[in-house]
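Have a look at the structure below before the remarks.
The values are calculated or read from the model by the stated rules, or taken from the named source; none is laboratory data. Bear in mind that the values here come from a model prediction, so they are computed numbers and not experimental data. When we count neighbours, we look across all protein chains shown, and the Cβ atoms used for this are built from the backbone with ideal geometry, even at glycine. The accessibility values were calculated without ligands, DNA or RNA, using every heavy atom of the protein model including side chains. Shrake-Rupley method; radii C 1.70, N 1.55, O 1.52, S 1.80 Å.
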Amino acid sequence: QETIVLNAIGEGFIQDDTVAIDATHFEARDKAPAKQEKTKEEPKKRGRKKKEEREQWLAEQAEQEANLPLYEKKIEAQLDEPLARLRAEVPQDPKWGVKKNSEGKNVFWFGYKGHLAVGTSSQYILQSLFSSGSLNDGKAAIPLLKGIEERIPLRKLMYHTMDAGYDFEAIYEQVHRMGHRSIIAYNKRNEPEPLGFDEYFAPTCFREYSYRYDSYDAKYETLKYTGPKECRDCPLANEGICQKVYKVKITTDLRRYSAPARGSKAWKTLFNRRTAVERVNAYLKEFFQLNNVRYRTGKRAKVHFDLLVLVYNASKLAADRIGARLNHIQAA
């Protein structure tokens, strides 16, 4: 797989500046296990714990967290792990998965997930990951990102776009460590409305009009906002209490501040490129037999998935080479 991608880069067919990451689910050939009834837990003792009891409880919780498998820990635990371990410990057994459909209803399946990182212009699969259906989409992002950083030499690559299922601080941190920029939909989690800012975290004036995104200074990692257009007719414009220019470093909160700024036309244009990975997912299911896993056990299903990715990229490279030859013949 990597040889094909590197050949495509060397021949100039992959020159993407944006990578889109997403997951798709597919069912296993294995029969789903019978549902097991959960044993009733003893009711917890109500009230506040004593100081000694709380310290003991915190120590037990920390020990349990440390002994968990890598992909059952919080996503932050992946940041300092090597790529080899991240790939080696991915759970591969078929499991029940759940996701919301376009109508907001839960859809269940028993099987697997395929996680893809796709060049949005070339539509080559740059990195892929196979996992159990129960794995959270966000927990596959850092292995894909580290795979791109270590194995895919793309000089123009700058942006990584993902949907709201990847809105985790650790993913923003990983992209920032790579020297790239995150274009990820914001997933509001019972958070209060930010005072002095609009829904895209742009500052607002005294009359609650939003400042306009102007530019990004890559040297200082700073977003620049200018005064709202309503300032022209504002009675407070000449009172000396309004700030005409507002600057904020994206490192103050990588999740809220991206470059270009959230809500801007440039941000929306980059985010819309994410549809490339959705098209590739559809191609794999409709034309490459991803929905027709013929083997039992996760180990064999992974071979099935990896072969599909290999054939998809190989067919794209063949088509690009044929197209390049035809263009050369026509030019001659």
Report task. Quick one: grab the alpha carbon gyration tensor of the range 145-209, order the square roots of its eigenvalues as a ≥ b ≥ c, and give me rounded if a/c is under 1.5, else prolate or oblate depending on whether a/b is larger than b/c. Result -> prolate
Requested in this report: Give the accessible surface of the chain per residue, rounded to a whole number of Å², with probe radius 1.4 Å and ligands, DNA and RNA excluded.
Outcome: 62 Å²
Query raised in the report: Any idea what the dipole of the range 92-160 comes to, in debye rounded to 20, about its Cα centre with Lys/Arg Cβ at +1 and Asp/Glu Cβ at -1?
Result: 80 debye
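Using only alpha carbon pairs under 8 Å that are at least six residues apart, calculate the relative contact order of the chain and give it in whole percent.
Details: 493 pairs, mean separation 71.9, N = 332.
Result for the chain is 22 percent.
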Query - Antiparallel bridges, percent of DSSP beta bridges restricted to the chain (to nearest 5) - result: 85 percent
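First select every other residue whose beta carbon is under 11 angstrom from the beta carbon of GLN1; then total the charges, Lys and Arg +1, Asp and Glu -1. Don't jump to the answer; show the numbers that get you there.
Details: positive: ARG151; negative: GLU2, ASP306.
Here the charged neighbours net out to -1.
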Query raised in the report: Based only on the alpha carbon positions, what is the Kirkwood hydrodynamic radius of the range 60-102, in angstrom?
Result: 12.5 Å
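Express in nm, to one decimal, how much length is gained between LEU326 and ASP233 on full extension, taking 0.36 nm for each residue of separation and deducting their alpha carbon distance.
Working: separation 93, 0.36 × 93 = 33.48 nm, distance 5.97 nm.
Stretched out fully, the LEU326 to ASP233 stretch lengthens by 27.5 nm.
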Report summary line: Heavy-atom accessible area of the range 16-90 with neighbours in place, 1.4 angstrom probe: carbon+sulfur share in percent works out to 47 percent
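As a test of the formula, what do you get for the chain when each DSSP H run with n ≥ 4 contributes -39,500 (n - 2.57) and the sum is divided by the residue count, at 222 nm and rounded to the nearest 500 deg cm²/dmol? Mind showing how you got there, number by number?
On the way: 8 runs with 107 residues, N = 332.
Per the formula, -10500 deg cm²/dmol.
Show THR269, THR204 ordered by accessible area, largest first, where the area counts protein heavy atoms only and the probe is 1.4 Å. Spell out each step's value before the answer.
Working: THR269 75, THR204 35 Å².
My answer, sorted largest first, is THR269, THR204.
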Query - By accessible area with a 1.4 Å probe, ligands and nucleic acids excluded, highest first: order of LYS73, LYS249, LYS50 - result: LYS50, LYS249, LYS73
Report task. With only Lys, Arg, Asp and Glu charged, each at its Cβ (+1 for the first two, -1 for the last two), find how big the charge dipole of the chain is about the Cα centre; round to the nearest 20 debye. Result -> 560 debye
**Report entry** Loop-resident sites, the range 144-243, for GluC sites (Glu not before Pro), counting at most 13 other Cβ within 10 Å (DSSP)
**Finding:** GLU199, GLU208, GLU239
Requested in this report: Once you've got the Cα coordinates, tell me which of LYS105/LYS268; LYS51/LYS74; LYS38/LYS285; LYS146/LYS299 are over 30 Å apart.
Outcome: LYS38/LYS285
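Hey, with R₀ at 45 Å, roughly what FRET efficiency would LYS156 and ALA66 work out to, going by the Cβ-Cβ distance, to 0.05?
Working: r = 40 Å, r/R0 = 0.90.
Here the calculated transfer efficiency is 0.65.
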Query raised in the report: Under unit Cβ charges (Lys, Arg +1; Asp, Glu -1), what dipole magnitude, rounded to 20 debye, does the range 267-306 have relative to its Cα centre?
Result: 160 debye
Query raised in the report: Can you work out D for the chain in µm² s⁻¹ from Stokes-Einstein, where Rh is the Kirkwood radius over C-alpha pairs, the temperature is 25 °C and the viscosity is 0.890 mPa s?
Result: 107 µm²/s
Report summary line: Of LYS316, LYS51, LYS229, the most mobile residue in a GNM of the chain (C-alpha springs, cutoff 10 Å) is LYS51
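Just need the relative contact order of the range 73-139 here, percent rounded to a whole number, with Cα pairs under 8 Å and 6+ apart. Present the calculation step by step, with values, prior to reporting the outcome.
On the way: 92 pairs, mean separation 21.1, N = 67.
Averaging sequence separation for qualifying contacts and normalising by length gives 32 percent for the range 73-139.
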Report task. Using the Karplus curve 6.51 cos²θ - 1.76 cosθ + 1.60 with θ = phi - 60°, work out ³J(HN,Hα) for each residue of the range 87-95 in order, rounded to whole Hz, and write x for Gly and Pro. Result -> 7, 5, 9, 5, x, 10, 6, x, 9
**Report entry** Segment ALA32-GLU169, length gained on full extension (0.36 nm per residue, minus Cα span)
**Finding:** 45.9 nm
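Return a whole-number percent for the relative contact order of the range 210-331, with Cα pairs under 8 Å and 6 or more residues apart as the contact set. Intermediate results must be reported in sequence, preceding the final value.
Values: 90 pairs, mean separation 17.8, N = 122.
RCO, the range 210-331: 15 percent.
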**Report entry** For the range 1-72, radius of gyration divided by Kirkwood radius, i.e. Rg to Rh on alpha-carbons
**Finding:** 1.27
Query raised in the report: With no solvent and one point per C-alpha, what does the Debye sum give as log10 I(q)/I(0) for the range 118-169 at q = 0.16, 0.19 Å⁻¹?
Result: -0.52, -0.73
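So how do PHE197, PHE305 rank on accessible area, 1.4 Å probe, biggest first, that is with the largest at the start?
Details: PHE197 60, PHE305 0 Å².
Most to least solvent-accessible, the answer reads PHE197, PHE305.
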